[in-house]
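The values are calculated or read from the model by the stated rules, or taken from the named source; none is laboratory data. Everything numeric in this text was worked out from a predicted model, so none of it was measured. Here the Cβ positions follow ideal geometry from the backbone for every residue, glycine too, while neighbour counts run over all protein chains shown.
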Amino acid sequence: MADNNIFRLENVKVWFPVQEGFFKKTVGHVKAVDDVTINVKRNETLGIVGESGCGKKTLGKAMMLLEKITGGHVYYNDDGTERDITTFNKDEVFQFRKKVQMIFQDPYSAMNPMKKIYTEMEEPLIIHGYKDRAEREAIMEEALKLVNIPVDYLFKYPHEFSGGQRQRVCIARAMEINPKVLVCDEAVSALDVSIQAQVLNLMKDIQKEKDLTYVFIAHDLSVVQYMSDRILVMYLGKAVEMADSKELYDNTLHPYTVSLLSAIPVPVIDREKNRIILKGDVPSPINKPSGCPFHKRCDKCMKICEEVEPELKDVDGKGHFVACHLYD
Ligand code: SF4
């Protein structure tokens, strides 16, 4: 079973110090990701959802070593050997980054407006040691074909593309060094809805063709449902529920996930009646409540919830994980 995981995260923490005063004394920590233990299976799409500030982006960045991991381990395995990326030296990080690439939310700011697409796409190849210009051009052309962009567009500037085309160029740029994993950070949220569908379908086709694994971070639950094989729900830096996509939507267990899913708009006039509006605000990640991090907003809160933090457990023995005392 472990061999089927391309990533395995064990008690991962990403904490940022809060400093005060002239001597910058550390007076606390923002616990952006707090003790998260999950896995990502080979060739799957793992969707990560949650409100702003829940830690989903930070978790994605930690998996790429773009954020310093404060505690725990991130194991990566694409060739049968599991290795802890938190112990990598500089060269190993460089090699690892070839295999795990990121697609950013805003394709325009992910490119230099002063540079032609040719330069944008050539730079990563030069960095990764492709010395022969003809070889670089062949790779760039193949990557553009993969995302259905004409090859002569290499000589255009980013502003000459539509939003959807720009995001497809970003996907081509990520694909040209043959990664195994794409971490997609709100990859379609800056696009019009009609363009979103095109880009999502293209990403699904590329995944099949290239045997890719996606970590798909988004706040749009409909998009996540469409893209994901499994979904992880995060709240206040914690993993609160994880299951197969269909199981999560059909048999939602955690009260927070229930409220999140109730917010998906559907074309039914009286749906508003079923919407669950959470009370209060998300607590501060610097000063988290004791017990269950959701207990101050949960309408099913019990005495134990205020005192004991629930563990993420496989409650049906088939991979539906939930951290809630209702299922102890
Ligand atoms: Fe609600 Fe308690 Fe479950 Fe937390 S553990 S989600 S407070 S029922």
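Whether any residue in the range 104-112 is more than 25 Å from N43 (Cα to Cα), surrounded by 13 or more Cβ atoms within 10 Å (Cβ to Cβ) and aromatic (F, W, Y) is what I want to check.
Yes, the range 104-112 contains a residue that is more than 25 Å from N43 (Cα to Cα), surrounded by 13 or more Cβ atoms within 10 Å (Cβ to Cβ) and aromatic (F, W, Y).
Looking at the range 260-282, is at least one residue within 10 Å of the ligand (Cβ to nearest atom) and either assigned to a loop (DSSP other than H, G, I, E, B) or surrounded by fewer than 16 Cβ atoms within 10 Å (Cβ to Cβ) (or both)?
For the range 260-282, residues within 10 Å of the ligand (Cβ to nearest atom) and either assigned to a loop (DSSP other than H, G, I, E, B) or surrounded by fewer than 16 Cβ atoms within 10 Å (Cβ to Cβ) (or both): absent.
Restricting attention to the range 147-166, does a residue exist that is among the small types (G, A, S) and touching a strand residue (DSSP E or B) at 6+ places or on another chain (Cβ under 8 Å)?
Checking the range 147-166: not a single residue is among the small types (G, A, S) and touching a strand residue (DSSP E or B) at 6+ places or on another chain (Cβ under 8 Å).
Within the range 285-308, take every residue that is assigned to a loop (DSSP other than H, G, I, E, B) and within 6 Å of the ligand (Cβ to nearest atom) and give me the one that is farthest from V240 (Cα to Cα).
M302
State which residue pairs qualify: first residue under 13 Å from K238 (Cα atoms) and modelled with pLDDT of 95 or more and inside the range 316-328, second residue part of a loop (DSSP other than H, G, I, E, B) and within 7 Å of the ligand (Cβ to nearest atom) in any location, beta carbons under 6 Å apart, and separation of 6 or more residues or different chains.
So the pair list comes out as V322/H254; A323/P310; C324/H254; C324/P310.
Go through the residues of the range 1-17 one by one and say whether even a single one is at pLDDT 95 or above, in a loop (DSSP other than H, G, I, E, B) and more than 18 Å from the chain's Cα centre (by Cα).
no
Only one residue in E186, E241 is within 16 Å of the ligand (Cβ to nearest atom) and of a type outside the set (A, V, I, L, M), so which one is that?
The unique qualifying residue is E241.
Looking at the range 111-126, is at least one residue under 20 Å from Y214 (Cα atoms) and either aromatic (F, W, Y) or touching a Phe, Trp or Tyr at 6+ places or on another chain (Cβ under 6 Å) (or both)?
no
Going by the conditions given, is E120 surrounded by 14 or more Cβ atoms within 10 Å (Cβ to Cβ), at pLDDT 90 or above and not basic (K, R)?
Against the criterion (surrounded by 14 or more Cβ atoms within 10 Å (Cβ to Cβ), at pLDDT 90 or above and not basic (K, R)), E120 qualifies.
Which ones in the range 32-68 are in a strand (DSSP E or B) and under 21 Å from I264 (Cβ atoms)?
Answer for the range 32-68, where residues must be in a strand (DSSP E or B) and under 21 Å from I264 (Cβ atoms): T45, L46, G47, I48, V49.
Could you check T252 against (1) outside any loop (DSSP other than H, G, I, E, B); (2) surrounded by 18 or more Cβ atoms within 10 Å (Cβ to Cβ); (3) hydroxyl-bearing (S, T, Y) and say which number it fails?
All conditions are met except number (1).
Could you tell me whether the range 24-41 includes any residue that is loosely packed, with under 14 Cβ neighbours inside 10 Å and of a type in the set (S, T, Y)?
For the range 24-41, residues loosely packed, with under 14 Cβ neighbours inside 10 Å and of a type in the set (S, T, Y): present.
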